[in-house]
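Each remark here refers to the structure printed beneath this line.
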Amino acid sequence: MSEIPAHEIVVASTEEEIQQCYKIRIDVFTHEQGFPIETEIDYLDPIATHFLLRLTPSLTPVGVIRGSKSSETGSYKLSRLAVLKDYRQFKFGRELVEALHNWILKDARKSDQDARSVKVVCHSQIPVKGFYAKFGYISEGDEFDEDGDPHQKMVLELPLE
Ligand SMILES: CC(C)(COP(=O)(O)OP(=O)(O)OC[C@H]1O[C@@H](n2cnc3c(N)ncnc32)[C@H](O)[C@@H]1OP(=O)(O)O)[C@@H](O)C(=O)NCCC(=O)NCCS
């Protein structure tokens, strides 16, 4: 593996940063993987927190992940994790998941100080189930179709202590 490029992860807070997140997702999910562009931007985007991994000092965007909290169940959702093809295997995917988990922990501790754990859900594409399993995500239920491709619901109980 070549040397890991210098980088940072930020919460996308400007319109330009949000658009950079969308562009990475469209590059990876639409152009590389063939998912429909119509469903790429969805109902969670306006309410989600978007994390952007970018190289420093150039600020070139290379990775993204999105977190949201369900007001009905109180659980969190990890979605739209993508790293541009040329930048895989630098542990950027892992860093993005860890950044999201840290945000979830902070948010969950604020809203319920007595809770011992918090539930995080993701809908994994089948070839990346092993990636999520490395963080402790466990498959729940049967595979299902999402946007024309099989997915597996995976769940993590993230300890708050
Ligand atoms: C999935 C993805 C984000 C992983 O990012 P990455 O930066 O290449 O992965 P990392 O280098 O952080 O890998 C972290 C660990 O997971 C492992 N891993 C990576 N991809 C994996 C896969 N498909 N299956 C199983 N393990 C995987 C790595 O070997 C590494 O293991 P280690 O920490 O024990 O050494 C990236 O491959 C990607 O963007 N894929 C296309 C989009 C996609 O499928 N997104 C998921 C939608 S559900």
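The values are calculated or read from the model by the stated rules, or taken from the named source; none is laboratory data. Source: prediction; values computed, not measured. Neighbour counts are summed over all protein chains in view; Cβ atoms, including those assigned to glycine, are modelled from backbone coordinates with ideal geometry.
What the table below lists for this structure:
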| read-out | value |
| --- | --- |
| Candidate set: the stretch 56-96, residues that are within 13 Å of the ligand (Cβ to nearest atom) and part of a loop (DSSP other than H, G, I, E, B); chosen: the one modelled with the lowest pLDDT | Q89 |
| In the stretch 21-35, residue farthest from F51 (Cα to Cα) [restricted to those that are part of a helix (DSSP H, G or I) and free of Cβ contacts under 8 Å to residues at least 12 places away in the same chain] | H31 |
| Where a residue in the stretch 72-93 is under 20 Å from L55 (Cβ atoms) and among the aliphatic types (A, V, I, L, M) and its partner, wherever it lies, is part of a helix (DSSP H, G or I) and near the ligand (Cβ under 6 Å from one of its atoms), with Cβ under 7 Å and at least six apart | L81/G93; A82/V28; V83/F92; V83/G93; L84/V28 |
| Condition check for I18: within 12 Å of the ligand (Cβ to nearest atom), in a helix (DSSP H, G or I) and of a type in the set (V, I, T) | no |
| Residues located in the stretch 40-71, provided they are surrounded by fewer than 20 Cβ atoms within 10 Å (Cβ to Cβ), touching a helix residue (DSSP H, G or I) at 6+ places or on another chain (Cβ under 9 Å) and under 20 Å from V121 (Cα atoms) | E40, I41, D45, T49, K69 |
| Residue tally, condition in a helix (DSSP H, G or I) and more than 7 Å from the ligand (Cβ to nearest atom), over the stretch 97-128 | 16 |
